[in-house]
Every structure is written in C-alpha cells, then in structure tokens.
Amino acid sequence: MKDTVQYKTRLEEELKELTAELKTIGVHDPENTENWIESGADLNDPSADPLDVADRTEEYGERRATVAVLETRYNNITRALEKIEKGTYGICEISGEEISPERLDANPAARTCTAHMEEENSLS
Ligand SMILES: [Zn+2]
C-alpha cells in the first residue's frame, strides 16, 4: 500500500489554487461539474463597437484556451483524489500497472505510467 497522504495534501492544495484561478476567469457549470464556462465575454451586445467586438473575440478565445487547460488539470486532480478514496491511486489507466513514485512526485495527478504518458491526453 502506497503512502498516499503526501500526494493527497499536494493535490488538495493544487486543487484549491486551481479553483481560485478558474473562478477569476470562469464559472462552474451547474449542469456538469467537470465543465467550466469562461465568464465576462459578452459577444452578443448589438450596440457594441465592431472593433471592440473583434478585440473581445480575441480575448474570449484566449480565455477559453486558458480555461480549457486549467479545466483539464482540475479534472485530473479531482480524479486522482477520487482514486485515493477508492484505493486505486497510482495505477496506470491504460496498462493497470503501478505508476512509478518518480512520476507521481513530478505529477501527483498523473493518470498513466511513464510508458503510456503519450496516451494520457487521449484518455477521456
Ligand atoms: Zn501504463
């Protein structure tokens, strides 16, 4: 049995920071807690200056991209915390093998072993 306490502490801290960061640019989707919606982008205002809209569209795109990155990280962390609860933490989601402590130290939210790192992004 792995010592998950230190990982849990790190994950919880990171989750707190991520949540705070996400809240500055987005809101939690009430229908689906895995989803965050970027806030502040009001692109449908008919009285808006077209140049303003172009600016804001760009800003909106950047914000969407940032939210997407943070959202993935957020979901990986909540998933890792769930695994700690269930006792399945540190197991590669592809091969079912144990993830090396070095990899977990570098990234406590890792979902795969080092051999399957490349495939982690294609996991749903
Ligand atoms: Zn693996």
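Values quoted throughout were computed directly from the atomic coordinates according to the rules given, and no laboratory measurement underlies them. Just so you know, these numbers come straight off a predicted model, no measurement behind them. All Cβ positions, even for glycine, are placed from backbone atoms using ideal geometry, and neighbour counts span all protein chains on display.
The table below lists the values:
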read-out	value
Most fluctuating residue given options LEU81, LEU51, LEU70, as computed from a GNM of the chain linking Cα atoms under 10 Å	LEU51
Centre separation in Å (Cα based) which lies between the range 59-124 and the range 1-36	12
Estimated FRET transfer efficiency when R0 is 41 angstrom, pair GLU102-ASP49 (beta carbons, to 0.05)	0.15
Contour excess over end-to-end distance, with Cα ends at LYS16 and ARG79 and 0.36 nm allotted per residue	21.2 nm
Pairs of alpha carbons in the chain whose separation is greater than 26 Å (percent)	34
Extension reserve of the ASN121-ALA65 stretch, reckoned as 0.36 nm per residue once the Cα distance is removed	18.6 nm
Mean separation of Cα contacts under 8 Å (6+ apart) over length of the chain, as relative contact order %	24
